[in-house]
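Trainee: Structure incoming, see below.
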Amino acid sequence: MYQKANARKLEAYYVEGTTEPQRLSELAQRFNLSLQIDLEKTRCPKCNTKLRLTSKEKIADKVVSNTYVNYEVFWECLSCEKVYWQGAHWTKIRATLEQAEEKLKERKA
């Protein structure tokens with residue numbers, strides 16, 4: 001895809017990293033991006049609308065009971081009303097971002 005974009009004189013950047021942390025650190029350095037997640041600016045991956053922090057009680061009928069019991073903080077999309085929470089996958093996300101931060105420090109050194 002990079003070569004096709006280049007041939008068409010479109011701005012493109014070829015990411016060389018072979019792991020997620022390497023790719024993220026490369027992109028963060030190239031485009032001056034933060035590797036921190038700002039939940040105040042988070043948008044719905046389904047419709048790109050801003051999310052709002054919501055009370056647990058308001059979403060009780062929108063999540064399975066196990067999720068309701070095990071999590072305290074929820075966000076809801078202002079448009080499509082999809083509900084989000086920091087589930088078990090957040091452990092992996094945080095670890096990947098921490099590794100990317102380390103790679104970024106190495107790249108800048």
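Trainee: On a 0 to 90 degree scale, rounded to 10, what angle separates helix 20-31 from the longest Cα axis of the chain?
Mentor: Computed tilt is about 70 degrees.
Trainee: With point charges of +1 on the Cβ of Lys and Arg and -1 on the Cβ of Asp and Glu, referenced to the Cα centre of the chain, which listed residue (Leu35, Tyr14, Ala60) lies farthest in the positive direction of the dipole?
Mentor: Of the candidates, Tyr14 comes out farthest on the positive side.
Trainee: To continue, here is another question. Within segment 29-57, which residues have the backbone N less than 18 Å from the label spot 7 Å out from Arg107 along Cα→beta-carbon, could you tell me?
Mentor: Only 29-37 fall inside the zone, counting backbone N under 18 Å.
Trainee: Quick one: longest stretch of the chain between exposed loop trypsin sites (Lys or Arg not before Pro), exposed meaning at most 14 other C-beta atoms within 10 Å and loop per DSSP?
Mentor: It works out to 57-109.
Trainee: Mind scanning Lys41/Lys108; Lys58/Lys103; Lys4/Lys46 and naming the pairs with a C-alpha gap bigger than 31 Å?
Mentor: Violating the 31 Å Cα-Cα cut-off are Lys58/Lys103.
Trainee: Taking every pair of alpha-carbon atoms in the chain, give the share separated by more than 24 Å as a whole percent.
Mentor: I get 45 percent for the Cα pairs in the chain exceeding 24 Å.
Trainee: Excluding Glu101 itself, what net charge comes from residues whose Cβ is under 12 Å from its Cβ, given Lys and Arg +1 and Asp and Glu -1?
Mentor: Around Glu101, the charge tally is +2.
Trainee: In whole Hz, what ³J(HN,Hα) sequence does segment 86-101 give by Karplus (6.51, -1.76, 1.60; θ = phi - 60°), x for Gly and Pro?
Mentor: Listing the rounded values in order: 8, x, 4, 5, 5, 4, 5, 4, 4, 4, 5, 5, 5, 5, 5, 4 Hz.
Trainee: Can I ask one more? Using a Förster distance of 25 angstrom, determine the FRET efficiency expected from the C-beta separation of Lys92 and Arg8, and round it to 0.05.
Mentor: Numbers: r = 36 Å, r/R0 = 1.44.
Computed FRET efficiency for Lys92 and Arg8 comes out at 0.10.
Trainee: Check each of the GluC sites (Glu not before Pro) in segment 37-109 and keep only those in coil by DSSP with at most 16 other C-beta atoms within 10 angstrom; list them in order.
Mentor: Glu40, Glu72, Glu81
Computed from the coordinates by the stated procedures, all read-outs in this text should not be read as laboratory data. Since we're looking at a predicted model, the values are computed, not measured. Neighbour counts run over all protein chains shown; Cβ positions are idealised from the backbone, glycine included.
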